[in-house]
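So the structure is just underneath, and the comments pick up after that.
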Ligand code: ADP
């Protein structure tokens, strides 16, 4: 519609200008022609010959009095000396003017020429103004507009339907770029490549799920197995006692065995609980973090392990820098405790365990060294797996569950910390825990 109105009005303006220029030129020609006749023959002949009905001819004296007019009665006409075109003609020989007459729909173009005797000849012509033209063209213009709108609607509907139909019909699962127009082909290619990406990712997810399922099944099987052994022995001993098959003097021994097995169960269940808590993604780690002095923490752990170290005849020492990190105190204690506990459990009477805390440039190192039995090379990569033990019976003897290092590994991951293991079979083990301390703890962020 805007284009239509703009086109229409500019064409109208150009045409109107052209026509009005032509009219003026014609008027000028007529005036010159009549003036030359009047110069030769006087103006009286004008009375007989009304040259053109469209054109009005007037003869005005140099003082403004009207001598002749082809349309009006001279006697009723006022003095014309104030008319623009007359004044101009008197001064310069020719003059012209345009005046709106009655309404803005009509205007009169005047052209005046000074005659040889000093009088002025004026010719005038009524002309339509651009507003009249507009008024005349209003109906056809509205009709054309209506047609334009209808045609646009019709075409727009058809084109958008042609454009949308192939889009509506796309089989998103298996889009085929032969079914669509050229402009849509890149779009189809995008869908195809995205589909491929989705399939790939879905397959990866499926694989991952399968792996996780397998791990979960293995864990459940392991847990059941680990629980079953002590439960079987508790049940067996209880049965013998119930049936009166135990002599009075052996009773404390049997009760102690039951007690020991029950303790094992408690430790095992506790470890499983710790592990599942560490794996729980919903726990907000950041909320629980505080500033922890790792040397103080290690000294605490050492104190807690004094008794078992004494029993195992293992000498413990602990020292280093008061290095601070941001972390979950309980979990950090668990990590250091498990590593030190192992260093005592898998040691020899007279052996020693050394705990050392060191502030490095970007990290804090907690190094636990023992000169115990060491870990065979082939087992080193697996000891962080759940329930993996190098020597099952030895581990059981010293109260191991096979979960200690799994808990360590998970706890370290939670702190974005890394762990390294160095061991020499028969000579000892060194475990290094590196905690990042790059970002200081924000108090009220
Ligand atoms: P456990 O409860 O049996 O100690 P862990 O997960 O803590 O289970 O350790 C896994 C296994 O790694 C242990 O059974 C032990 O064989 C071996 N291990 C761990 N730490 C040491 C160490 N400091 N020296 C020798 N062997 C170790």
Please go through (1) more than 15 Å from the ligand (Cβ to nearest atom); (2) in contact with a strand residue (DSSP E or B) (Cβ under 9 Å, 6 or more places away or on another chain) for residue 361 and return the number of the only condition it doesn't satisfy.
(2)
Matching entry among 404, 399 (being under 30 Å from residue 216 (Cβ atoms), crowded, with 20+ Cβ neighbours inside 10 Å and within 8 Å of the ligand (Cβ to nearest atom))
404
Return yes when residue 174 is modelled with pLDDT of 90 or more and either buried (at least 16 other Cβ atoms within 10 Å of the Cβ) or not in a helix (DSSP H, G or I) (or both) and no when it is not.
no
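Would you confirm, using the coordinates I've provided, whether residue 368 is modelled with pLDDT of 95 or more, more than 45 Å from the chain's Cα centre (by Cα) and more than 6 Å from the ligand (Cβ to nearest atom)? Walk me through it before giving the result.
Details: modelled with pLDDT of 95 or more: yes; more than 45 Å from the chain's Cα centre (by Cα): yes; more than 6 Å from the ligand (Cβ to nearest atom): yes.
Here the answer is yes, as residue 368 does meet what is asked.
Kindly provide the set of residues from region 106-127 that are touching a strand residue (DSSP E or B) at 6+ places or on another chain (Cβ under 7 Å) and farther than 15 Å from residue 66 by Cβ, ordered by number. So that I can check it myself, show each step before the final result.
Taking region 106-127 as the starting set, the residues that turn out to be touching a strand residue (DSSP E or B) at 6+ places or on another chain (Cβ under 7 Å) are 106-115, 119-127.
Listed by number, the residues that qualify are 106, 107, 108, 109, 111, 113, 114, 125, 126, 127.
Checking the conditions here, which among 191, 167 is out of contact with any helix residue (DSSP H, G or I) (no Cβ under 9 Å at 6 or more places or on another chain) and either part of a helix (DSSP H, G or I) or surrounded by 10 or more Cβ atoms within 10 Å (Cβ to Cβ) (or both)?
Numbers: 167 fails: out of contact with any helix residue (DSSP H, G or I) (no Cβ under 9 Å at 6 or more places or on another chain).
After applying the criteria, what remains is 191.
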Just to check your reading of the model, which residue among 371, 416 is surrounded by 15 or more Cβ atoms within 10 Å (Cβ to Cβ), out of contact with any helix residue (DSSP H, G or I) (no Cβ under 6 Å at 6 or more places or on another chain) and free of Cβ contacts under 8 Å to residues at least 60 places away in the same chain?
371
When (1) surrounded by 15 or more Cβ atoms within 10 Å (Cβ to Cβ); (2) within 12 Å of the ligand (Cβ to nearest atom); (3) over 18 Å from residue 304 (Cβ atoms) are applied to residue 422, the one that fails is (1)
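The values are calculated or read from the model by the stated rules, or taken from the named source; none is laboratory data. Note that the structure is predicted; figures quoted are calculated from it, not measured. All Cβ positions, glycine included, derive from the backbone under ideal geometry; neighbour counts span all protein chains shown.
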